[in-house]
Amino acid sequence: MRYWNDHDMGGWGYGFMAIGILLILGLLVVATVLLTRHLGRLPPQRPPDGQATPPTSPEQLLAERFARGEIDADEYRHRLDTLRSGPTGPVSG
């Protein structure tokens with residue numbers, strides 16, 4: 001007597017195997033993406049002393065540019081006077 005499906009998986013076996021492989025591959029892809037994103041993050045940058053640095057004022061920035069030689073003394077004085085005099089002209093709004 002012949003047994004047609006004696007040691008064969010049959011149609012349902014192949015289907016379940018294909019679904020299982022797709023699920024495993026999907027989980028591997030998701031795990032890889034999550035791990036890559038987690039390891040790719042940079043830690044927040046902090047100053048060496050652990051305290052936040054205060055924002056630099058426009059006058060301090062201007063003084064730094066003058067100290068680096070980016071602007072000359074006349075331009076420094078002119079821009080400093082402009083900063084200290086405040087906004088001029090009508091304010092549109």
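The values are calculated or read from the model by the stated rules, or taken from the named source; none is laboratory data. Given the structure is predicted, the values throughout are model-derived calculations rather than measurements. Here the Cβ positions follow ideal geometry from the backbone for every residue, glycine too, while neighbour counts run over all protein chains shown.
Applying the criterion of being surrounded by 10 or more Cβ atoms within 10 Å (Cβ to Cβ) and of a type in the set (Ser, Thr, Tyr) to the residues of the range 1-35, the residue that is modelled with the highest pLDDT is 32. Is it the case, given these coordinates, that residue 39 is loosely packed, with under 10 Cβ neighbours inside 10 Å, of a type in the set (A, V, I, L, M, F, W, C) and either modelled with pLDDT of 75 or more or assigned to a helix (DSSP H, G or I) (or both)? Here the answer is yes, as residue 39 does meet what is asked. Quick one: in the range 57-93, which of the residues that are at pLDDT 90 or above and part of a loop (DSSP other than H, G, I, E, B) is nearest to the chain's Cα centre (by Cα)? Per the stated criteria, the residue is 70. Scan the range 43-56 and tell me whether some residue there is modelled with pLDDT of 70 or more and of a type in the set (A, V, I, L, M). So far as the range 43-56 goes, no, none of its residues is modelled with pLDDT of 70 or more and of a type in the set (A, V, I, L, M).
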